[in-house]
Amino acid sequence: MCDLTGKTALVTGASRGIGQAIATRLAAKGATVVVHFGTDQDGATATVDEIERGGGAAFAVRAELGVDDDAETLFAGVEAGLAGRALDILVNNAAAAPAGPIGVTTRTQFDHLFAVNVRAPYFIIQRALPLLRDGGRIVTISSVATRMANPAQTSFAMTKGAVETMSMTLANELGARGITVNAVAPGSTLTPANGTAFEAPGLAELIAATTALDRLGRPGDIADVVAFLASDAARWITGQVIDASGGLFLGPRL
């Protein structure tokens, strides 16, 4: 199940955290992985090294997202590395972090969020389509922020709502080519980058208590869901948002 032998995959934001876990998991399943990074070259190199130590194949491509011609810059490196091979799997994982509640979010922060979290994946998909094989897979990482009212993440949640709608509509458009398009919505997920955010006394325990499975998420939890969606086992799933939060805020546990 979830065998990706012979497939090629592009994972954006794969130098750390959830993106790194996705890249290494896809490679472990047999895919050749393009490890995209924006600024963290050391992290991207570490991802590629980990994949190669495990017997997989990968190469890194740098491209700043949210700027003019970001998709073209990205795919110049992707196409050079693939050397004529088609792309089978595209995972839009890279994202800018929440900018804060409406009272403090600036126009610059707001525009940056939408440029990275909405515009970039949209035009990355547009640029990928000629390279993407019929029967391919597109997965975009969303967030449970779209189904919860968190005033500190209003603009961030708006961006994730946009990519969920994008995924649904593109699934309808691209289905004739056998391409599935889905979104995955993580909840509170502990990564090396955000670990300090959970260090406040009692915070991790408080969040875990609001989760049906009674713990914080781990990058590997999300990577397994993406690997499934990228495989032939998920061939009949498209246009969906898969909640991968461990049951965050499902309701009171009496």
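The values are calculated or read from the model by the stated rules, or taken from the named source; none is laboratory data. Here the structure is a predicted model, which means the values were calculated and not measured. Ideal geometry is used to build each Cβ from the backbone, glycine not excepted, and the neighbour counts take in all protein chains shown.
Please go through (1) more than 15 Å from A14 (Cα to Cα); (2) in a helix (DSSP H, G or I) for G103 and return the number of the only condition it doesn't satisfy.
(2)
With the requirement that a residue be buried (at least 21 other Cβ atoms within 10 Å of the Cβ) and part of a loop (DSSP other than H, G, I, E, B), what does the range 135-178 give you?
S142, S143, listed by residue number.
Within the range 178-194, is there a residue that is free of Cβ contacts under 8 Å to residues at least 40 places away in the same chain and in contact with a helix residue (DSSP H, G or I) (Cβ under 7 Å, 6 or more places away or on another chain)? If you could, list the steps in order and put the result at the bottom.
If we filter the range 178-194 for residues that are free of Cβ contacts under 8 Å to residues at least 40 places away in the same chain, which is where we start, we get 190.
Adding the requirement that they be in contact with a helix residue (DSSP H, G or I) (Cβ under 7 Å, 6 or more places away or on another chain) leaves 190.
Yes, that holds for at least one residue.
Check A97, A76, A46 and return the single one that is closer than 17 Å to A193 by Cβ and in a helix (DSSP H, G or I). Walk me through it before giving the result.
Numbers: A97 fails: in a helix (DSSP H, G or I); A76 fails: closer than 17 Å to A193 by Cβ.
Of the residues listed, the single one that is closer than 17 Å to A193 by Cβ and in a helix (DSSP H, G or I) is A46.
Could you grab the pairs with beta carbons closer than 9 Å, sequence gap of 6+ or different chains, first residue in the range 87-112 and on the phi > 0 side of the Ramachandran plot, second one of a type in the set (A, V, I, L, M, F, W, C) and surrounded by fewer than 21 Cβ atoms within 10 Å (Cβ to Cβ)?
From residues that are on the phi > 0 side of the Ramachandran plot, the pairs are G100/A152.
Has the range 217-232 got any residue that is over 18 Å from the mean Cα position of the chain (by Cα) and either part of a loop (DSSP other than H, G, I, E, B) or modelled with pLDDT under 95 (or both)?
So the first thing to find is which residues in the range 217-232 are over 18 Å from the mean Cα position of the chain (by Cα), and the list is 232.
After this cut, where a residue has to be either part of a loop (DSSP other than H, G, I, E, B) or modelled with pLDDT under 95 (or both) as well, the list is none.
No: the range 217-232 contains no residue that is over 18 Å from the mean Cα position of the chain (by Cα) and either part of a loop (DSSP other than H, G, I, E, B) or modelled with pLDDT under 95 (or both).
Quickly run through the range 72-95 and pick out the residues that are surrounded by 20 or more Cβ atoms within 10 Å (Cβ to Cβ) and either of a type in the set (A, V, I, L, M, F, W, C) or at pLDDT below 95 (or both). Walk me through how you get there before you give the answer.
Narrowing the range 72-95 to residues surrounded by 20 or more Cβ atoms within 10 Å (Cβ to Cβ): 74-75, 78, 87-95.
Result: L74, F75, V78, L87, I89, L90, V91, A94, A95.
Out of the residues in the range 179-212 meeting the condition of being touching an Asp or Glu at 6+ places or on another chain (Cβ under 9 Å) and part of a loop (DSSP other than H, G, I, E, B), tell me which one is nearest to A96 (Cα to Cα). It would help to see each step written out before you state the result.
Restricting attention to the range 179-212, the residues satisfying the condition of being touching an Asp or Glu at 6+ places or on another chain (Cβ under 9 Å) are 179, 181, 183-187, 189, 208.
Now restrict to residues that are part of a loop (DSSP other than H, G, I, E, B): 179, 187.
Working: I179: 27, G187: 16 Å.
My answer is G187.
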